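Coordinate-derived values only; no laboratory data. Keep in mind that what you see is a predicted model, and the values were worked out from it rather than measured. So basically every Cβ, Gly included, is an ideal-geometry build from the backbone, and we count neighbours across all protein chains shown.
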Amino acid sequence: MAYDEAARPDTSVVLNVRAAPGHATYEHEGAPRIEALNLAVAATAPHDPGGSVAEAALQGLLAASKTLPPALFYDEEGCRLFYEITRLPEYYLTRTEFRLLQSTAPEVAAELPPGATLVEYGASDETKAETLLRQTVRSGSATGKPVFRTYIPIDVAEPELRAMRDRLAQRRPELTVTPVTADFLRPIPLPERDSDSAIMGFFPGSTIGNLEPEAAVAFLHRARLSLGWGARFLLGFDTCRDPERLVPAYDDPAGVTAAFNRNLLVRLNREAGATFDPEAFAHRAVWNPIESRIEMHLVSREAQTVIVAGQPVRFARDETIHTENSYKYAQPRMREMAAAAGWSLTKKWSDSNDLFALWLLD
Ligand code: TRP
């Protein structure tokens, strides 16, 4: 598959999602409390706080097919609402992935020699990584030693990275943590490391589904280049393409996802001098079987004109703002994408309902 780095559309702006500040906890039936799950949804350009929220919004709203950059979802209230989403009974994704990671981490770790390095893309907390970091060598002379000696979390959120490093320094003093503050969708120079230690990239959170397929391949290819030959890569992605399960996960009866979607408009009112009536837009989640993705929309309930940063934006009745995509990949398609990026599949796991896949690539 050919792709052109420069051709990546500006609208592929996604950002890093965090659990609500103050370290939320995640719980579900019968499971231990999990501290601040890594809710990474990450992707491109972190928003330049210097007034560009209005610019980014207007660019999308004045286009023929209206869009808003998904990065705008994750202000403080957006992070809180997304955290609520991960606890909804209908939103099976976060807990399915976490359980799968817990059960497969020993097998993944068994593939690596002791002293390995873990590089996590879009790591706003260590909860998912810790399923791997706590693994110890099970046979040979190094028995009982941690498999991973070094952890390199990459994220745009510097305060979160620092807090994570401090927590890990307390909890795992023998682990070297070298955070990198960067947007993982751009080329990232990794810190110097022991060149003969094994290295594994880690991209959980089904974040890959929020990228356009070309951007996903470009990301995997860049990771291939920066991790180097001989590296492994642990990739998580959603495989369920059943609209009966997906639509409620993205349009829950309690209306949390609707509030999350409309929060974009609330944010524009506050930060971009906009005059949206959020209730004049309906939340809609639709399964697009041709593109194999869930699309999130805000649909104008009536013909209306809204002012954004001094500019009128006109909506016809039923006109939509397309706010997000979440691609769901059949395994053969993901295999092609990984291959196009220079990776081959060595091992794969999925949950008992075949909703989520974890792949070990090399
Ligand atoms: N990464 C999440 C997903 O695609 C993000 C998400 C969940 C989301 N629900 C949403 C994004 C609703 C926009 C609107 O599953």
When you scan region 267-285, do you find a residue that is farther than 22 Å from VAL247 by Cα, within 16 Å of the ligand (Cβ to nearest atom) and either touching a residue at least 60 places away in the same chain (Cβ under 8 Å) or of a type in the set (Phe, Trp, Tyr) (or both), even just one? yes
2 or more residues away from the ligand (no atom under 16 Å from the Cβ) and either among the hydrophobic types (A, V, I, L, M, F, W, C) or more than 20 Å from ALA218 (Cβ to Cβ) (or both): qualifying strands (runs of 3 or more DSSP E) within region 311-354: 311-315, 345-350
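Which count do you get for residues in region 204-215 that are within 16 Å of the ligand (Cβ to nearest atom) and more than 16 Å from PHE233 (Cβ to Cβ)?
5
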Step by step: first the residues of region 63-104, then only those that are within 20 Å of ILE208 (Cβ to Cβ) and of a type in the set (D, E, K, R), then the one that is nearest to the ligand (Cβ to nearest atom). Which residue is that? GLU97
Subset of region 206-241 [of a type in the set (Asp, Glu) and in contact with a Gly (Cβ under 8 Å, 6 or more places away or on another chain)]: ASP238
Given the criteria away from the ligand (no atom under 16 Å from the Cβ) and not small (Gly, Ala, Ser), does LEU234 qualify? yes
Only one of ILE307, ILE294 that is over 25 Å from ASP351 (Cα atoms) and among the hydrophobic types (A, V, I, L, M, F, W, C): ILE307
Flag for GLY201 being in a loop (DSSP other than H, G, I, E, B), under 17 Å from GLY236 (Cα atoms) and touching a Leu at 6+ places or on another chain (Cβ under 9 Å): no
Which ones in region 257-266 are free of Cβ contacts under 8 Å to residues at least 40 places away in the same chain and either assigned to a loop (DSSP other than H, G, I, E, B) or surrounded by fewer than 20 Cβ atoms within 10 Å (Cβ to Cβ) (or both)? none
